[in-house]
Structures are given as C-alpha cells and as structure tokens.
Amino acid sequence: MSSTTLAVPCCPNFRRRNFRLKANSPRGALVEANPRSIPALRGGGGADKSPAAVTLLRVRDDSSSSSPSARDRADDMQAEARAMARAVNATVYSPDLLAAKYGSRPIKVVRRALEIFSGLGSFAFKLWLDQVTDKLDQNQRLRAVELRKTFTNLGPTFVKIGQGLSTRPDLCPPQYLEELSQLQDDLPTFPDAEAFACIERELGCSLDTIYSSISASPIAAASLGQVYKAELSYSGKAVAVKVQRPGIEEAIGLDFYLIRGLGRLINKYADVITSDVVALIDEFARRVYQELNYVQEGQNARRFKKLYADKEDVLVPDIFWDYTGGKVLTMEWVEGVKLNEQEAIERQGLKVLDLVNTGIQCSLRQLLEYGYFHADPHPGNLLATPDGKLAFLDFGMMSETPEQARSAIIGHVVHMVNRDYEAMARDYYTLDFLAPDVDVSPIVPALRAFFDDALNSTVSELNFKTIVDGLGAVLYQYPFNVPAYYALILRSLTVLEGLALVADPNFKVLAASYPYFAKRLLTDPNPYLRDALIELLFKDGKFRWNRLENLLVQGSQDRDFSAKDALQPVLKLLLGPDGEDLRVLVIKEAVRVTEAIVLGSVVESYNFMPGLIRTLVFDPFIKNTAEEESMLELRAQVFRIWALLRTSDNFDPSILLPIVQVLQEPEARILGGRVVGGISQRLAARLLQQVLRAPPPPTVSAPSS
C-alpha cells in the first residue's frame with residue numbers, strides 16, 4: 001500500500017515526528033471493540049492537560065467468551081462518561097438563542113438571506129408563472145428537479161431540509177417526494193489539516209499518540225463531516241474516524257434562523273399549507289443539531305446494537321469511547337460493500353435479496369417491536385460484509401415510534417386487508433394524523449377509491465411504493481398532519497424495496513413483511529392486536545378458516561414464530577371477563593367444526609364402502625351435495641391447520657398442556673358444556689330430519705301397449 005509522510009499540525013505537548021498517511025482503501029463498515037487498558041488521553045476543549053491514569057478500551061479477543069465481564073462494562077461506562085464530559089459544551093438547538101445571536105448581526109443575516117433568496121426566489125417565481133399559465137401540473141416534474149438542485153447548491157442545511165421534505169407526503173406532492181428523495185449529501189471535503197487539528201483539540205492528545213497511520217484524504221464526505229480510515233497506535237486496530245466540518249454550527253444556525261422567520265410568515269399568510277410549518281422546522285432543526293453531537297450518535301449506536309444485534313445476520317458497530325468527543329467519533333473498521341452495488345455483492349458470493357430481507361425484518365423490529373429505529377437508511381448506510389451480514393452505519397438521525405402507534409400500524413394493515421375503510425380512517429386518530437375533532441367521513445371515499453383498485457391484487461403482491469404514493473396523494477388532499485415517525489417509516493421501507501427491485505423487479509416488500517405481521521397477530525398478547533386478530537378471523541358471525549390457515553402459513557416463515565405462543569393469548573382472551581361476545585362466536589364455530597369432523601369422517605368412510613355393503617349400512621345424514629362438499633372442505637382445513645402447528649420448528653405436544661389446565665377452570669367447563677349442548681342439538685336435529693324424511697315415491701312402470 002502506498003504511503004506518504006507528513007508533519008502533523010501540533011497541539012500542546014505534541015511530539016513532532018513523522019506520521020504515516022495511507023492511501024485510501026475501499027469503503028468499509030464498522031464493528032465491535034471492547035475496553036482495554038491503554039495510555040490515557042487528556043480531556044479536550046482546553047480542559048486540564050495533565051495526564052490521568054485511566055482504563056480505556058480493550059480489544060475483543062475472539063477466543064474468549066463473547067459476554068463482556070462486569071469490569072469490562074464498568075470500564076466502558078467510565079469511558080463513555082469521559083466522552084460525555086468532552087462533549088458537555090455541544091450546541092443544542094434553541095430558537096431563542098439563535099434570535100439573540102443573529103438579531104444583532106444584520107449584515108451577515110442580509111448577505112445569507114440574499115443567497116437563499118436568489119436560489120429559492122428564482123424557483124418560486126417559476127412556480128408562480130406555472131400557476132398563472134395553468135401549467136402547474138404539466139411542469140411539476142421539472143420544478144421538482146429544479147428544487148432538488150437548488151437545495152444542493154445552497155449547502156448542508158438545505159440538503160438536510162430537502163431530505164426531510166422527501167418524507168413528508170402532507171407537505172409535498174408525490175413527484176416532489178420522488179425527486180427530493182434522490183438528494184445526496186456528498187459535498188466537497190474540507191482541508192485535512194483542519195480535520196486533524198479538530199481531532200487533537202477534541203481529544204486533547206496529539207494525533208500520532210492516538211494513531212500509527214491515517215488516510216491521506218477522507219474516504220467519505222457528507223454535509224456535516226467526513227470520515228478517515230486510521231490505525232490505533234496501541235493495538236494496530238483499523239478504525240473509522242468521523243470528524244465534523246469546521247464552522248458547521250455557525251452555518252446551519254444562521255440558516256435555521258432565517259428559515260424559521262420564513263416559516264412564521266408561511267403560517268400567517270399561506271392558508272394552502274395546513275401544517276404548522278414553524279413546528280416542523282423546529283423539530284427538524286433539533287434532529288440536525290443532535291447529529292452535530294457525535295457522543296450522542298455513539299450512544300444511539302450503542303442502544304441500537306443492544307436492541308437489534310442479537311440476530312447473527314445483523315452487524316451494529318460499537319464505539320471507542322476514549323477516542324470520541326463532541327466532534328470526533330471513532331469506531332472499528334471492517335470492509336463492506338454498499339447495498340446498492342449488486343455486482344460487487346454477488347462477486348462475494350452473496351445475494352442482494354437475502355440482505356434486503358434481513359434489512360426488512362430488522363426494520364420491522366425497529367418500527368413495530370421496540371420503536372427505536374434508524375431514520376436515515378439510504379444505501380450508503382447499509383453495507384454487506386464479506387461474511388454475509390448487514391451492517392448498519394451512521395446513527396446521527398434516529399427516531400421512535402410511540403408504543404400506541406406500533407399496534408395501531410399493525411391494526412391498520414388488518415383493516416386494509418379487510419377493506420374496512422371506516423376503521424382505516426379512524427386509525428388516523430390513534431396514529432395522531434388527525435385532531436380528534438376532525439370528521440373522517442369525507443376521507444373514507446378517497447381511501448375506498450384508491451385501495452379498492454390497489455387491492456385487486458393480493459396484499460403480498462402489492463408494491464409498497466404504489467401504496468405510499470397513493471396514500472400520500474390522499475394525505476395531501478386532506479387536513480392530515482403526518483407525524484415524523486410515520487413519514488420516516490414509509491421512507492425506510494421504500495428505500496429497502498427500491499434496493500430489492502434492482503435485483504428482482506418482482507420483489508414486493510409487503511410479501512416479505514407479511515410473515516412478521518402474521519406472527520405478531522397470532523402471538524402478541526397486546527389487547528389492540530388481539531382485537532385486530534378477531535376482526536380478521538371473524539366476519540358476519542362466521543369464522544374464516546382460510547384466514548387462519550394463511551396466517552399460520554405466513555407466520556411459520558418467521559424464524560421466531562412459536563405455536564405455543566399463538567395458543568395462550570387466545571385462551572386468556574376467550575375465558576376472560578370481557579370475552580362473552582367472542583365465546584358466543586367460538587361456541588357456534590366449535591359446534592360447526594365438530595359436526596364437520598364427525599359427519600365428514602362418516603361421509604368419507606361411507607363413500608369408500610363397496611356398493612353392496614353401502615346398501616346394508618345406515619345412510620349418513622347429509623343429502624345436500626353442496627353441504628357435504630363444504631363440510632369436507634372445512635374438515636380438511638382444520639386438519640391442515642393442525643398439521644401446520646405440528647410442523648412448527650419448536651412444536652412440542654406439551655403445548656397442549658395449558659389447554660388441559662385451562663379446561664379445568666369453571667369458565668372453561670361452562671364453555672365446554674355449551675359446546676357439547678350445541679353439538680347435541682345439531683346432531684339430534686339431523687337425526688330427526690332423517691327419521692321424518694319422506695321415503696322416495698316408488699317407481700311406476702308404464703303399462704305395455
């Protein structure tokens with residue numbers, strides 16, 4: 001590997017010596033490191049420069065136990081606390097502070113305002129001309145492209161704003177959403193000398209004390225910072241070092257000050273926009289400012305790893321806390337390929353669709369299980385490692401799904417499957433899309449008009465982007481206020497489906513997601529999901545066995561599905577104090593199923609008898625061919641469902657033990673008595689019909705002529 005020699009800019013107590021800079025290597029991912037004792041670093045930012053005897057990071061020994069010791073965890077927590085101390089002066093977003101700072105600097109404010117006005121003003125003027133000449137719809141794609149380019153030219157703040165708008169269907173028409181989603185924050189790099197000086201200033205230690213080598217130029221650059229590849233002096237470990245762009249706080253602070261002023265004017269005079277624009281700007285600015293605190297990003301990565309890296313095919317980087325500060329983030333490096341580089345992935349013997357499926361399953365857990373999710377999953381942040389793992393990178397922008405909304409989203413899918421558009425519209429209250437005083441009745445026809453056409457295919461065949469675009473069009477027409485978490489969910493799954501469609505044009509993200517939804521419906525004891533399951537399985541007082549069979553088929557495809565888990569919540573609901581309505585339905589269905597199994601078996605045995613013997617045996621009760629076929633089909637479905645339960649990977653006959661235990665309870669004995677009574681009545685009625693049935697009239701032969 002080629003290298004060059006450079007005298008690194010010095011900081012206090014820096015020992016000037018030759019320092020090796022490596023030529024750039026291919027893009028890599030980041031992996032785990034654990035604490036170890038190494039030379040101590042001093043506090044950054046002009047703090048006390050005296051050495052301190054501290055325990056720092058220990059490199060993981062793969063030959064040892066994978067579980068860190070209590071001492072390791074304590075050391076890591078201490079190192080994280082020191083990193084937090086280095087970032088104690090990190091800037092946070094405050095509209096009042098920005099107003100106080102820039103309110104007294106009118107020349108700087110006016111100069112930047114003119115730059116922004118020349119870019120956005122030109123775009124707004126063209127948009128006005130389109131409206132005057134009645135070409136607004138005709139030129140919508142052209143204007144969307146121009147807006148994307150304008151945001152790129154205006155710099156980091158507007159790139160971030162454009163990316164944020166690309167997830168807001170309540171603010172932008174579909175064509176704008178599509179164009180803005182293409183925004184990439186790949187910007188020119190800043191001087192390496194400034195980056196190295198920032199590392200020394202943040203960590204309070206000379207560069208060559210920390211690294212034995214570092215790449216001569218960044219291996220990646222984005223709107224807020226750039227990344228170098230380096231080797232740690234004490235261990236030789238390869239690491240990724242993320243350094244914040246100089247002056248970025250000043251730049252985005254001034255921009256958000258101006259943009260917020262514009263938002264106030266929009267709220268006051270632009271009636272066409274129903275959302276609170278200032279609130280949206282404040283929310284987004286807080287997220288961008290959080291990205292500026294690299295210690296916060298490290299903590300995000302740690303939390304993400306704890307929740308989701310329990311799966312062997314998911315890789316989440318750990319942090320070297322003693323080499324991390326407010327503007328410097330250090331993680332261990334591992335080679336990887338961007339998820340949109342299909343040929344490079346296949347050369348490693350991997351399949352893009354396998355990796356995308358891993359991403360979808362992990363994303364569903366993020367969105368609907370724990371609620372803490374990666375809010376910026378573009379291809380550059382998703383890497384395929386040589387051993388087939390999916391590595392998640394860049395944890396600066398995270399979001400959370402409220403607990404109530406997680407179940408409501410699954411219920412929303414159930415309502416969509418059932419084409420229950422009134423319930424879908426009511427879901428928007430729970431999802432916090434609509435204020436409680438908004439009338440949803442005008443929204444129902446719009447939902448019906450779109451989904452009736454979309455659902456002509458089965459749910460698993462639906463293209464997710466088609467649903468997002470159609471739903472976005474509905475949201476844009478009505479007074480919706482889409483929460484940030486939901487918009488980011490749509491963006492996350494749309495990105496994953498887009499990556500998969502490159503490898504397989506027929507890929508459907510809902511088909512890949514449905515096993516997870518089925519598993520949650522069958523096994524989750526959450527009352528909202530239990531009600532959604534009942535709603536899915538019962539219609540007009542009849543149990544839909546085909547739906548249950550489909551749920552079991554789909555749910556069994558999820559690696560975490562357990563037949564045992566699927567039984568207990570249902571039993572608790574059935575025998576609970578609020579389960580009377582369900583018990584009435586279950587009793588009715590239990591009678592029908594028992595009758596189908598008993599009489600179906602009799603009919604099947606009767607039909608297999610030779611004709612001579614059949615005349616000597618009592619004729620079964622069923623004489624209606626359609627009824628007989630229906631009963632045999634129901635019996636076959638029940639047997640297929642039992643077979644599906646038995647073929648579950650973790651099936652054990654002992655899962656029936658809870659049923660036996662529950663049947664000993666008084667409520668169960670009452671329920672059993674009602675079922676037996678119903679069966680007895682049905683069989684008695686059939687027997688009575690058989691006895692009272694009039695004999696067929698005798699055949700009369702015509703007299704011979």
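Each reported figure results from applying straightforward, stated rules to the coordinates on display, with no laboratory input. Worth saying up front: this structure is predicted, and the values here are computed from it rather than measured. So basically every Cβ, Gly included, is an ideal-geometry build from the backbone, and we count neighbours across all protein chains shown.
With an 8 Å cut-off on Cα pairs and a minimum separation of 6 or more residues, tell me the relative contact order of segment 179-292 in percent. Walk me through the intermediate numbers first.
Numbers: 120 pairs, mean separation 20.6, N = 114.
Relative contact order comes out at 18 percent.
Which value, in Å to one decimal place, does the Kirkwood hydrodynamic radius take for segment 224-318 when every pair of different Cα atoms is included?
16.7 Å is the Kirkwood radius here.
Give the residue from PRO386, GLN404, VAL482 lying farthest towards the positive end of the charge dipole for segment 336-526; charges sit on Cβ (+1 for Lys and Arg, -1 for Asp and Glu) and the dipole is referred to the Cα centre.
PRO386
In whole Å, what are the Cα extents of segment 323-395 along the three principal axes, biggest one first?
Taking the Cα atoms of segment 323-395, the three principal extents are 39, 31, 18 Å.
Quick one: what Rg and Dmax do you get for segment 336-526 from the alpha carbons, in Å?
Reported Rg and Dmax, both Å: 17.2, 57.
Please compute, over every Cα-Cα pair in segment 262-306, the percentage with a separation greater than 14 angstrom.
For segment 262-306, the share of Cα pairs beyond 14 Å comes to 61 percent.
Pairs to check: LYS126/LYS160; LYS160/LYS311; LYS108/LYS135; LYS242/LYS519; LYS101/LYS306. Give those whose C-alpha atoms are more than 29 Å from each other in this structure.
LYS160/LYS311; LYS108/LYS135; LYS242/LYS519; LYS101/LYS306
Based only on other Cβ atoms within 10 Å, what is the fewest-to-most ordering of CYS205, CYS172?
Neighbour counts put them in this order, fewest first: CYS172, CYS205.
What is segment 336-526's relative contact order, in percent, from Cα pairs under 8 angstrom and six or more apart in sequence?
25
Mind listing the phi-derived Karplus ³J(HN,Hα) values for segment 89-99, rounded to whole Hz, using 6.51, -1.76 and 1.60 with θ = phi - 60°, and x for any glycine or proline?
9, 4, 6, 10, 6, 8, x, 5, 5, 5, 5
Let me know the charge dipole size of segment 421-543 about its Cα centre in debye, to the nearest 20, where only the beta-carbon of Lys, Arg (+1) and Asp, Glu (-1) is charged.
Dipole size: approximately 320 debye.
Taking other Cβ within 10 Å of each residue's Cβ, how do GLU115, GLU80 sort, fewest first?
Result, fewest neighbours first: GLU115, GLU80.
For a quick check of your reading of the filter: which trypsin sites (Lys or Arg not before Pro) in segment 113-149 sit in a DSSP loop and have no more than 16 other Cβ atoms within 10 Å?
Here the trypsin sites (Lys or Arg not before Pro) that fit, given the DSSP loop and packing criteria, are LYS135.
May I ask you to list the GluC sites (Glu not before Pro) in segment 279-368 that are in a DSSP loop and have at most 14 other Cβ atoms within 10 Å of their Cβ?
Hits after loop and neighbour filter: GLU312.
Stokes-Einstein D for segment 127-263 at 37 °C, 0.692 mPa s, Kirkwood Rh over Cα pairs, in µm²/s?
Rounded to a whole number, D works out at 187 µm²/s.
Residues of segment 203-228 with backbone nitrogen within less than 14 Å of a virtual label 7 Å along the Cα-to-Cβ line of THR91, please, listed as ranges.
Under cut-off, by backbone N: 224-225.
Counting other beta carbons within 10 Å of each Cβ, put PHE450, PHE561 in order, fewest first.
Fewest-to-most ranking of PHE450, PHE561: PHE450, PHE561.
Tell me, what HN-Hα J-couplings in whole Hz come from the Karplus equation 6.51 cos²θ - 1.76 cosθ + 1.60 at θ = phi - 60° for each residue of segment 519-534, using x for Gly and Pro?
4, 5, 5, 7, 10, 7, x, 4, x, 4, 6, 4, 5, 5, 5, 4
For segment 475-545, which chymotrypsin sites (Phe, Trp or Tyr not before Pro) are both in a DSSP coil and crowded by at most 15 other Cβ atoms within 10 Å? Let's see the in-between values first.
Numbers: sites: TYR476, PHE480, TYR485, TYR486, PHE507, TYR516, PHE517, TYR528, PHE538, PHE543, TRP545; in loops: PHE480, PHE507.
Hits after loop and neighbour filter: nothing returned.
Could you give the dipole magnitude of segment 130-261 about its Cα centre, charging the beta-carbon of Lys and Arg +1 and that of Asp and Glu -1, in debye to the nearest 20?
Values: 13 positive and 18 negative charges, 35 e Å.
Approximately 160 debye in magnitude.
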